[in-house]
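Enquirer: First the structure, then my questions, so here it is.
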Amino acid sequence: MSQRIMFICCNMLFLNHEKDFRDRGSEFVIMKAFIDWHKKYIEWWKKKLKISNYGIVWISFIKGLIIGLLIYHFFIK
């Protein structure tokens, strides 16, 4: 009995989530446009700096490390 109730609840949650996703069509379009813009921006930087995807990953890692250390130093410590 409890498995059946759990199955029904999971299906209801899934249907509600799917309905919400369909209702938010304009938000999905905006997010897709942002992602496309971001990809073009990354490609622009790659060409400007003449580096590979691996170089971009290292730059992102170092930038995150520096920001994390600054946050730790000024707000947590």
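What follows draws every value from the coordinates through simple rules; no lab data is involved. In this text, all values refer to a predicted model and were calculated from it rather than measured experimentally. For neighbour counting, all protein chains shown are included, and Cβ atoms are generated from backbone atoms with ideal geometry for every residue, glycine included.
Enquirer: Could you calculate the FRET efficiency of Lys77 with Tyr54 from 1/(1 + (r/R0)^6), where r is the beta carbon distance between them and R0 is 30 Å, rounded to 0.05?
Expert: 0.40
Enquirer: Whole-Hz Karplus ³J(HN,Hα) for segment 70-77, in order, using 6.51 cos²θ - 1.76 cosθ + 1.60 and θ = phi - 60°, x for Gly and Pro?
Expert: 5, 4, 4, 5, 8, 10, 9, 5
Enquirer: Still on this structure, I have one more. Pop the C-beta distance of Leu69 and Trp45 into the FRET formula with R0 = 22 Å and round what comes out to the nearest 0.05.
Expert: According to the calculation, E is roughly 0.45.
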